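Worksheet: the structure to be examined is printed underneath.
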Amino acid sequence: MASWCVRAVRQSYSILSSPALIRASPRLLCTATQQKNGHGSEEEAEKPEQSAAETQLEEQLKDMTEKYKRALADTENLRTRSQKMIEDAKLYGIQGFCKDLLEVADILEKATESVPKEEVTSQNPHLKNLYDGLVMTEVQIQKVFAKHGLVKLNPDGQRFDPYEHEALFHAPVEGKEPGTVAVVTKVGYKLHGRTLRPALVGVAKAS
């Protein structure tokens, strides 16, 4: 039994100390090292690819953000313009109707001016009643005009304004400064601050 144990120990030692096993061990170690280094190289190669992908995503996000901001600005501008158009339509939608009524107001004004004031007395009741009715109608129509933002322009003696007045002639007029309105042949009107019809005037000039 003892001799058998001795032989087993010797055989095990001879196997461990064999040249083939000794030569194989460094090869195994080199293979393990190469495999480890290979995994590291793959990880290092993946890092630049990930960085490029992140940069591309950031650029896309920035581009989409800029487009979104521009779309918001365009939408706000469109909303503002639409609101302005709606407000203008409310204010100036009656412009055509007002122009037609101006002719009626002109006729009423001419009718009252053509009546001789010295004949408007109680001794001539028919003419007096007619004149009073014309005056009341003219006053009432001017009140309606003012209610809707329509204001009369009678620039007699004022400085000539090409945005509100239309000059029919220029002539020297005694007692009038050059560049001022000397004669008003037809009154003008403004609707909510916008000239609807310029006043037709004669402008004084230096002699």
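The values are calculated or read from the model by the stated rules, or taken from the named source; none is laboratory data. Worth saying up front: this structure is predicted, and the values here are computed from it rather than measured. Quick reminder, even Gly has a Cβ in these numbers, built from the backbone with ideal geometry, and neighbours come from all protein chains shown. SASA here: full protein model, heavy atoms, side chains in, ligands and nucleic acids out. Shrake-Rupley method; radii C 1.70, N 1.55, O 1.52, S 1.80 Å.
A few points about this structure:
- Residue in segment 137-152 that is β-branched (V, I, T), outside the structural domain of E103 (by the TED database), without any contact (Cβ under 8 Å) to a residue 60 or more places away in the chain and more than 17 Å from D100 (Cα to Cα) present: no
- Only a single criterion out of (1) surrounded by 11 or more Cβ atoms within 10 Å (Cβ to Cβ); (2) closer than 17 Å to L196 by Cβ is not satisfied by E138, namely (2).
- Every residue from segment 114-129 that is assigned to a helix (DSSP H, G or I) and either under 20 Å from E103 (Cα atoms) or among the polar types (S, T, N, Q) (or both): S114, N129
- Residue match in segment 174-189 (condition: of a type outside the set (A, V, I, L, M), open to solvent by 30 Å² or more (accessible area, probe 1.4 Å), farther than 30 Å from K90 by Cβ and in a strand (DSSP E or B)): yes
Residue-wise test of (1) of a type in the set (D, E, K, R); (2) in contact with a Ser or Thr (Cβ under 8 Å, 6 or more places away or on another chain); (3) open to solvent by 100 Å² or more (accessible area, probe 1.4 Å).
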residue	(1), (2), (3)
E87	yes, no, no
F97	no, no, yes
E118	yes, no, yes
T121	no, no, no
P125	no, no, no
